[in-house]
Amino acid sequence: MTDYKFLYQNRIRPFTKWAGGKQRGLASLLEYMPRTEISCYVEPLVGAGALFFLLRAKRNIINDQNAELINTYKVIRDDIMGLINVFIEWPCTKEQYMLLREWDRREDFLDAFSPTERAARFVYLMRFGFNGLHRVNALGQFNTPFGRYNIIGKEDPKSLIITDLLRCNEYLNAQHTTICNGDYEELIDLVPPHAFVYLDPPYAPLSKTANFTSFNQEEWTYDDHARLYKFCLSLDRKGIMFMLSNSNVPFIQDLYCHFRIHTRSLKRSIVAKTSHRKNLIEEVVICNY
């Protein structure tokens, strides 16, 4: 039986934060994991990969539609020193942050840089941007504001980041990991029967007036969640174990009513113009085992 407590205590911290990421609440998420050893772990919407960097499965398949994110995973695995050498040359200032943010606002400008330079930019923007948020406008241009609090009062704000990058590099090279950049449905024929699949999509809105979370320029609609449900049905028909996280709303409860649905309460930070508070929200963890 897998010792999740040991894995949690010795987990690798992801190289970036991610909106909706599972770093917070990871310990309780492990309560719903399979009790058997996971020989192949698959995460079709990997984001920051908090669970991926914990499990230490012998084989892994990770995927995301965000090309810059997936490029960064590959560069961390294949050219870590090149990434660090670029990263450390950039000062920790708002001026440098805004300069790097402008790279995707000029036509074909971003494409002129090497994969390593783009990965260094991605790490810089995500670690020094406001709240580690990846947010883009309708044109797909990164528009998260500078996160001043990430720098002020820290003697060397880059040292911890470099430590995280080195540990992620070691992990990616120690575990056999296939890194994909595409639509999650393209993975269906790659997932072996003995795999365990974890799905962490943009959450369904808590109310009809709430906005869907946008990781890229495309938002997740009800149809997107219904399409993911069909993907889960395909996994289930193949006898592949899956676990899915989402918000606890009637639409999701009804959609997955034939599977096992657990609920859990988590603290979520809510940032407004006049306040920053933590509220308890309910999530569902859906399993077919």
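The values are calculated or read from the model by the stated rules, or taken from the named source; none is laboratory data. Worth saying up front: this structure is predicted, and the values here are computed from it rather than measured. For neighbour counting, all protein chains shown are included, and Cβ atoms are generated from backbone atoms with ideal geometry for every residue, glycine included.
Listing for the model above:
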{"read-out": "Selection count, segment 73-99, where residues are without any contact (Cβ under 8 Å) to a residue 40 or more places away in the chain, closer than 16 Å to F122 by Cβ and not acidic (D, E)", "value": "6"}
{"read-out": "Pair list, Cβ under 7 Å, 6 or more apart: segment 100-129 residue closer than 21 Å to F15 by Cα, other residue of a type in the set (D, E) and in a helix (DSSP H, G or I)", "value": "R118/E68; F122/E68"}
{"read-out": "Output for segment 21-40, where each listed residue is crowded, with 16+ Cβ neighbours inside 10 Å and in a loop (DSSP other than H, G, I, E, B)", "value": "G21, K22, Q23, G25, M33, I38"}
{"read-out": "Out of L166, L172, L133, sole residue that is surrounded by fewer than 19 Cβ atoms within 10 Å (Cβ to Cβ), over 20 Å from E89 (Cα atoms) and either among the hydrophobic types (A, V, I, L, M, F, W, C) or assigned by TED's automatic domain parsing to the domain that holds R13 (or both)", "value": "L133"}
{"read-out": "Residue within segment 197-214 that is surrounded by 15 or more Cβ atoms within 10 Å (Cβ to Cβ), of a type in the set (S, T, N, Q) and either modelled with pLDDT under 90 or not assigned by TED's automatic domain parsing to the domain that holds M126 (or both) present", "value": "yes"}
{"read-out": "Filtered residues of segment 91-105 (kept if assigned to a helix (DSSP H, G or I) and of a type in the set (S, T, N, Q))", "value": "Q96"}
{"read-out": "Test: L69 is crowded, with 19+ Cβ neighbours inside 10 Å, among the aliphatic types (A, V, I, L, M), farther than 30 Å from D189 by Cα and touching a residue at least 24 places away in the same chain (Cβ under 8 Å)", "value": "no"}
{"read-out": "Selected residue (only one of F87, F113 is surrounded by 18 or more Cβ atoms within 10 Å (Cβ to Cβ) and of a type in the set (A, V, I, L, M, F, W, C))", "value": "F87"}
{"read-out": "Qualifying residue in segment 176-191 (condition: part of a loop (DSSP other than H, G, I, E, B) and buried (at least 19 other Cβ atoms within 10 Å of the Cβ))", "value": "yes"}
{"read-out": "From the options M81, M33, residue that is hydrophobic (A, V, I, L, M, F, W, C) and closer than 21 Å to I286 by Cβ", "value": "M33"}
{"read-out": "Qualifying positions in segment 106-136 - in a loop (DSSP other than H, G, I, E, B) and under 19 Å from the mean Cα position of the chain (by Cα)", "value": "L133, H134, R135"}
{"read-out": "Residues satisfying the stated conditions in segment 265-289, i.e. in contact with a helix residue (DSSP H, G or I) (Cβ under 9 Å, 6 or more places away or on another chain), at pLDDT below 95 and aliphatic (A, V, I, L, M)", "value": "L266, V271"}
{"read-out": "Filter result for L100 (in contact with a helix residue (DSSP H, G or I) (Cβ under 6 Å, 6 or more places away or on another chain), on the phi < 0 side of the Ramachandran plot and modelled with pLDDT of 95 or more)", "value": "yes"}
